[in-house]
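Everything below concerns the one structure shown next.
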Amino acid sequence: MPPSKSIEYCVISAPFGCLGVQTEFVDSSLMISKIDYLPPNTVLSPPGNHLAKAFSMQCDQYFKNASTVFDLPLKPTGTVHQQKVWGAAQGIGVGNTRTYGEIAKQIKSGPRAVGTACGANPYPLVTPCHRIVSAQGLGGFMGEDNPGFYRQIKLWLLKHEGAI
């Protein structure tokens with residue numbers, strides 16, 4: 001029987017700001033249901049369950065070594081198209097990038113649709129859509145609702161991984 005508090009949210013520190021992670025029980029299994037990039041001035045909130053603690057530890061490992069592989073249960077979500085894009089992103093190795101157009105050809109879609117799916121990614125960092133870039137440069141990131149902040153995170157991640 002899951003505990004009475006089935007959804008928890010914590011905020012941990014990251015080199016580029018903070019990360020928020022939401023965990024919840026799905027069919028009696030604890031899963032990550034959302035990851036947010038948050039500004040550096042966000043109030044920290046320590047992990048309250050074993051999965052959030054594992055996420056925090058894997059993030060610490062990743063920030064020390066970009067080759068760290070995230071191995072966390074993620075709540076199934078997204079359309080079939082989004083899942084194809086996110087699966088393609090998972091196939092891009094650390095230190096590498098692919099363009100929106102290359103991913104579009106791979107999954108028989110359009111570059112803009114790939115970009116839209118990347119912007120809807122509920123698990124940034126774990127599902128590395130930051131490795132998908134524009135043919136002319138960095139490209140957009142996270143739907144551009146805060147382009148400067150998210151662009152800086154994308155730059156930090158790609159530099160950390162040795163892709164730029």
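Would you check if residue 74 is in contact with a His (Cβ under 7 Å, 6 or more places away or on another chain), crowded, with 17+ Cβ neighbours inside 10 Å and in contact (Cβ under 8 Å) with a residue 40 or more places away in the chain?
Here the answer is no, as residue 74 does not meet what is asked.
Please count how many residues of the stretch 102-115 are out of contact with any helix residue (DSSP H, G or I) (no Cβ under 8 Å at 6 or more places or on another chain) and either under 19 Å from residue 138 (Cβ atoms) or outside any helix (DSSP H, G or I) (or both).
Selection size over the stretch 102-115: 2.
Let's see how each residue does on (1) within 22 Å of residue 30 (Cα to Cα); (2) out of contact with any strand residue (DSSP E or B) (no Cβ under 8 Å at 6 or more places or on another chain); (3) among the small types (Gly, Ala, Ser); (4) in a strand (DSSP E or B):
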{"site": "61", "(1), (2), (3), (4)": "yes, yes, no, no"}
{"site": "86", "(1), (2), (3), (4)": "yes, yes, no, no"}
{"site": "89", "(1), (2), (3), (4)": "no, no, yes, no"}
{"site": "95", "(1), (2), (3), (4)": "no, yes, yes, no"}
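Inspect the stretch 136-154 for any residue being part of a helix (DSSP H, G or I), among the hydrophobic types (A, V, I, L, M, F, W, C) and surrounded by fewer than 18 Cβ atoms within 10 Å (Cβ to Cβ) and give the result as yes or no.
Yes - at least one qualifying residue is present in the stretch 136-154.
Taking the stretch 20-46, which residues are under 14 Å from residue 153 (Cβ atoms) and touching a Phe, Trp or Tyr at 6+ places or on another chain (Cβ under 7 Å)? Quick ask: steps written out before the conclusion?
Of the residues in the stretch 20-46, the ones under 14 Å from residue 153 (Cβ atoms) are 20, 35-40, 42.
Those that are under 14 Å from residue 153 (Cβ atoms) and touching a Phe, Trp or Tyr at 6+ places or on another chain (Cβ under 7 Å): 20, 35, 37, 39.
What pairs can you find where one residue is in the stretch 137-164 and modelled with pLDDT of 85 or more, the other is part of a strand (DSSP E or B), and their Cβ atoms are less than 6 Å apart, with a gap of 6+ or different chains?
What qualifies is 153/37.
Checking the structure you have, find out if any residue of the stretch 2-21 is in a strand (DSSP E or B) and either modelled with pLDDT under 95 or more than 26 Å from residue 149 (Cα to Cα) (or both).
Yes, the stretch 2-21 contains a residue that is in a strand (DSSP E or B) and either modelled with pLDDT under 95 or more than 26 Å from residue 149 (Cα to Cα) (or both).
Could you please give the count of residues in the stretch 22-39 that are farther than 20 Å from residue 121 by Cα, in a loop (DSSP other than H, G, I, E, B) and touching a residue at least 24 places away in the same chain (Cβ under 8 Å)?
Total satisfying the criteria: 1.
The values are calculated or read from the model by the stated rules, or taken from the named source; none is laboratory data. Not measured: the values here are computed from a predicted model. So basically every Cβ, Gly included, is an ideal-geometry build from the backbone, and we count neighbours across all protein chains shown.
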